[in-house]
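Notes follow the structure.
The values are calculated or read from the model by the stated rules, or taken from the named source; none is laboratory data. Treat the numbers as computed from the prediction; the structure is a model and nothing was measured. With ideal geometry, Cβ positions are generated from the backbone for all residues, glycine too; neighbour counts draw on all protein chains shown. With ligands, DNA and RNA removed, areas are computed over all heavy atoms of the protein, side chains included. Shrake-Rupley method; radii C 1.70, N 1.55, O 1.52, S 1.80 Å.
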Amino acid sequence: MAVFVLLGCASPRPAPEPTRGRLSNEQLLAPIIDSRDRIRACHERLLQENPSLRGMVTVQFVIGREGRVEDSRVLQDASGDRRLGACVAGEVASIRFPEPEGGPVKVEFPFHFSAPEDDQAEP
C-alpha cells in the first residue's frame with residue numbers, strides 16, 4: 001500500500017497580488033485531511049503503471065473569499081510523472097475551505113508520496 005503524508009504546516013505566504021486573508025493552520029489542514037483519499041487515489045492509479053512512483057508534489061492555491069479554491073497549480077513536482085501533480089492540483093481545486101478572514105489566501109502545500117516498496121523496507 002502506498003503512503004501519502006501531509007508535510008509541514010500549510011501557512012499562507014505573502015504574495016504580490018491582493019491575498020491578505022487569513023486562515024488558521026487547523027482551518028487549512030482539516031479540509032485537506034478530509035480530502036486525503038481522493039488525493040491518495042491520484043497516486044494509487046499511477047502506481048499501476050509505475051510501482052516505484054514516489055516524491056513530493058507542492059501545490060500552490062488561492063482560497064477565495066467564499067472558501068472556494070480560485071487557482072490551483074503545481075509549484076514543484078519531484079515525482080517524475082507530471083500526471084501526479086496535475087491530478088493532485090485538480091483535487092485541491094475541488095476542496096472547500098472556511099471563508100478566509102480579510103480576503104483571499106495564497107497557500108503552498110507539500111504532499112509526499114512513497115512507493116509500496118518503501119513500506120516494506122527491512123529494519
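Figures for the structure shown
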item: Gyration tensor (alpha-carbon) shape descriptor, the stretch 51-123, a/c threshold 1.5; result: prolate
item: Computed over the stretch 12-102, Kirkwood Rh from alpha-carbon pairs, angstrom; result: 13.9
item: log₁₀ of I(q)/I(0) at q = 0.14, 0.16, 0.25, 0.30 Å⁻¹ - the stretch 60-102, Debye sum with one point per alpha carbon; result: -0.34, -0.43, -0.79, -0.98
item: Cα→Cβ-extended label distance, 7 Å offset, between A86 and R45, nm; result: 1.1
item: Accessible surface, per residue, of the stretch 21-123 when the full set of protein chains is kept, probe 1.4 Å, Å²; result: 54
